[in-house]
Ligand code: ASP
């Protein structure tokens, strides 16, 4: 048994680990852990309390994958529900589809009686409002929200802007390997923007025969590389989990243009091994590891630089402190 989750998984990791220890199926344990994070407004990048898009709306993304059946469930740009991960899982359980977005996702969430929530907390709203008041030009404000937003996207791609995802990768006592992700995506993102978290193959992938991978950071990069699927494929082809992740990092070196920023790749194999690499990340990038006994331990990710990432003050960082 093994569990890997990132720093955002802190409030859920003990629950998932305890459930796995008691014999729970990996997806049940992952969903239970992620639900705690989604409901916790102190986690600023997942669920309630996350950062809104450019219009000040909360659009949440989540996914699950069962590596034994290779069934997946994913939702994107979901508004108004507390537990995107459970809506994603319900897609897997109740529909012949794998992925719903926007209005259709919300409609399905209502249909299954998912818990509704106003995910924009007072503090996130205050920070967004300060950004709006200070950064949006007067003529754009006058036409708001029927105004071109593309130029304002520069606030979303700032490397210090509030963003992250929680990713969970686990192998249970029966050997099943599963993944789960949940995020509010990038703060100040263009409305409707999906990152990699709900895109199976980019932000996560699980196959009980080989292992699993899940990513955080610039989803634009892992979408272009199909990162999570590639890591598992490289393991299928015989690479160790460490070599598979390094090969996926090498794939990223071929990216030309577009957004190049930070990505953290988390991976496990089926023999209890794991690897976490922070691409363009700092040495303080941490993750939780549980290896079948005791409590989860906080571990440092291995930093790897593929290109320099500019850092400067950001909407969230700049206004959160005031
Ligand atoms: N990967 C997520 C996305 O692209 C955000 C993150 O983990 O920082 O939406």
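May I ask you to sort 16, 45, 69 by Cβ crowding, counting other Cβ atoms within 10 Å and putting the fewest first?
The order, fewest Cβ neighbours first, is 69, 45, 16.
For the stretch 210-276, rounded, prolate or oblate, judged on the Cα gyration tensor with a ≥ b ≥ c (square roots of eigenvalues), a/c < 1.5 rounded, else prolate if a/b > b/c?
It is prolate, given that a/c is not under 1.5 and a/b is the larger ratio.
Averaging over all projection directions, find the projected area of the Cα convex hull of the stretch 243-298 and quote it in nm² with one decimal place.
Computing the convex hull of the Cα atoms and averaging its projections yields 4.7 nm².
Just want the ordering: 34, 277, from fewest to most Cβ atoms lying within 10 Å of their own Cβ.
The fewest-first ordering by Cβ neighbours comes to 277, 34.
Could you calculate the FRET efficiency of residue 70 with residue 298 from 1/(1 + (r/R0)^6), where r is the beta carbon distance between them and R0 is 30 Å, rounded to 0.05?
Efficiency for this residue pair is about 0.45.
What residue among 232, 305, 167 shows peak mean-square fluctuation when the chain is described by a Gaussian network model with Cα springs under 10 Å?
Maximum among the listed residues: 305.
Tell me what the chain gives for mean residue ellipticity at 222 nm when only DSSP H runs of n ≥ 4 count, each as -39,500 (n - 2.57), the sum divided by the residue total, rounded to 500 deg cm²/dmol.
-9000 deg cm²/dmol
Please list the radius of gyration and Dmax for the stretch 2-81, considering alpha-carbon atoms only, with Å as the unit.
Looking at the stretch 2-81, its Cα Rg and Dmax stand at 13.7, 44 Å.
In what order do 95, 194, 60, 82 fall by count of nearby beta-carbon atoms within 10 Å, going from fewest to most?
So the ranking, lowest neighbour count to highest, is 95, 82, 194, 60.
What's the whole-number percent of alpha carbon pairs in the stretch 136-238 lying beyond 20 angstrom?
Above the 20 Å cut-off, the stretch 136-238 has 48 percent of its Cα pairs.
Can you tell me the FRET efficiency between residue 308 and residue 255 if r is taken as the Cβ-Cβ distance and R0 is 22 Å, rounded to the nearest 0.05?
0.95
Output the Kirkwood hydrodynamic radius of the stretch 105-151, Cα pairs only, in Å rounded to one decimal.
13.4
Extent of the stretch 1-156 along each principal axis, from alpha carbon coordinates, in Å, largest to smallest?
Projected onto the principal axes, the Cα atoms of the stretch 1-156 cover 59, 33, 26 Å.
If you project the alpha carbons of the chain onto the principal axes, what extent comes out on each, in Å, largest first?
Taking max minus min along each principal axis of the Cα atoms, the chain gives 59, 46, 35 Å.
On a 0 to 90° scale, report how tilted helix 102-111 is relative to the longest principal axis of the chain, with both axes built from alpha carbons and the result rounded to the nearest 10.
Rounded to the nearest ten degrees, it is 60.
Mind listing the Cα extents of the stretch 79-207 along all three principal axes, in Å, largest one first?
Reported extents, whole Å, longest axis first: 59, 33, 25.
Hey, with R₀ at 41 Å, roughly what FRET efficiency would residue 236 and residue 146 work out to, going by the Cβ-Cβ distance, to 0.05?
Using R0 = 41 Å, I get an efficiency of 0.25.
For the stretch 69-137, what does the alpha-carbon gyration tensor say about shape, rounded, prolate or oblate, given a ≥ b ≥ c as the root eigenvalues, a/c under 1.5 as rounded, and a/b over b/c as prolate?
prolate
With viscosity set to 1.567 mPa s at 4 °C, what whole-number translational diffusion coefficient in µm²/s follows for the stretch 180-297 from Stokes-Einstein and a Kirkwood radius over Cα pairs?
Taking Rh from Cα pairs, D becomes 89 µm²/s.
Each value in this text was obtained by applying a stated rule to the coordinates, not by laboratory testing. Just so you know, these numbers come straight off a predicted model, no measurement behind them. In this analysis, Cβ positions are derived from the backbone assuming ideal geometry, glycine residues included, and neighbour counts consider all displayed protein chains.
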